[in-house]
Amino acid sequence: MGRLIGEVGPCTLMPKSRRSPFESLVRAIAYQQLHAKAAESILRRFIALFPTRRFPHPADLLAVKTRSVRLSGFSRPKIKALRDLAAKTLDGTVPTSRIIKALEDEVIVERLTGVHGIGRWTVEMLLIFQLGRPDVLPADDFGIRNGFRIVFNRRTMPTPKDVLRYGVRWKPYRTVASWYLWRAAERGSLRIVQSR
């Protein structure tokens with residue numbers, strides 16, 4: 001890991017803390033299982049449904065017709081997730097920006113995974129990229145596991161449990177370790193392409 005840090009340089013992770021949890025989770029739902037360009041296109045069309053706002057509020061989303069959201073490119077299951085997210089934001093299950101900052105990571109995971117379509121991985125991405133939490137290791141993430149495999153010269157893909165067990169030594173900075181594991185995965189795939 002030390003060699004990787006030396007090659008990559010300082011961690012440049014910068015959280016996007018200006019987004020509300022609602023906006024961050026809408027964006028996360030859009031990106032689930034899609035290429036970034038496709039998700040960005042869907043989000044642009046979705047946001048255009050609400051021309052008077054930079055980003056729609058939960059009540060706006062609940063008021064718009066399902067067909068309009070569908071025409072912006074969201075699948076039916078994602079629309080169900082978006083509507084549940086909006087409802088649970090309004091009822092307080094999804095905390096406001098102010099409240100979420102005071103909650104422990106596991107409390108956030110527990111509350112947000114109660115929203116249809118939001119799993120642990122999605123919440124961990126919010127913890128890292130919006131809230132800037134320092135001790136998150138998303139062990140189910142393929143890039144993390146592949147980066148771990150590359151850094152530690154493993155022939156087979158480690159299990160999430162393997163990554164978590166080893167990752168205890170990186171506490172309380174597992175987010176930084178995650179960032180470097182993602183860089184290792186990116187560099188590993190670049191080396192494969194370059195060697196062809």
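The values are calculated or read from the model by the stated rules, or taken from the named source; none is laboratory data. Keep in mind that what you see is a predicted model, and the values were worked out from it rather than measured. Calculation scope for accessible area: heavy atoms of the full protein, side chains included, ligands and nucleic acids excluded. Shrake-Rupley method; radii C 1.70, N 1.55, O 1.52, S 1.80 Å.
Rounded to a whole number, what % of the accessible area of the chain do carbon and sulfur atoms account for, probe 1.4 Å? Don't skip to the answer; put the middle values down first.
Values: 6270 of 11350 Å².
Whole-percent figure for carbon plus sulfur exposure: 55.
From the C-alpha coordinates alone, can you work out the Kirkwood hydrodynamic radius of the chain, in Å? Working shown, then result.
On the way: mean 1/r = 0.0550 Å⁻¹.
Mean inverse Cα-Cα distance, inverted, gives 18.2 Å.
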Check: C-alpha center the stretch 136-175 vs C-alpha center the stretch 1-53, spacing in Å is 22
Only Cα pairs under 8 Å and at least 6 apart count here; give the relative contact order of the chain as a rounded whole percent. 23
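How much accessible area per residue does the stretch 19-146 have, in Å², with a 1.4 Å probe? Mind dumping the intermediate values first?
Numbers: 6500 Å² over 128 residues.
About 51 Å² of surface per residue is accessible.
For n ≥ 4 DSSP H runs only, could you compute -39500 (n - 2.57) per run for the chain, divide by its residues and tell me the 222 nm figure to the nearest 500?
The helix-only estimate for the chain comes to -18000 deg cm²/dmol at 222 nm.
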HN-Hα J in Hz across the stretch 60-75 - Karplus 6.51, -1.76, 1.60, θ = phi - 60°, x for Gly and Pro: 4, 5, 5, 7, 6, 5, 4, 4, 5, 5, 4, 5, 6, x, 6, 6
Apply the Karplus curve 6.51 cos²θ - 1.76 cosθ + 1.60, θ = phi - 60°, to the phi angles in the stretch 138-147 and return the couplings in whole Hz, x for Gly and Pro. x, 5, 7, 6, 4, x, 5, 5, 5, x
Can you compute 3J(HN,Hα) from phi for each residue in the stretch 88-96, using the Karplus curve 6.51 cos²θ - 1.76 cosθ + 1.60 with θ = phi - 60°, rounded to whole Hz and x for Gly and Pro? 6, 6, 5, 8, x, 4, 8, x, 6
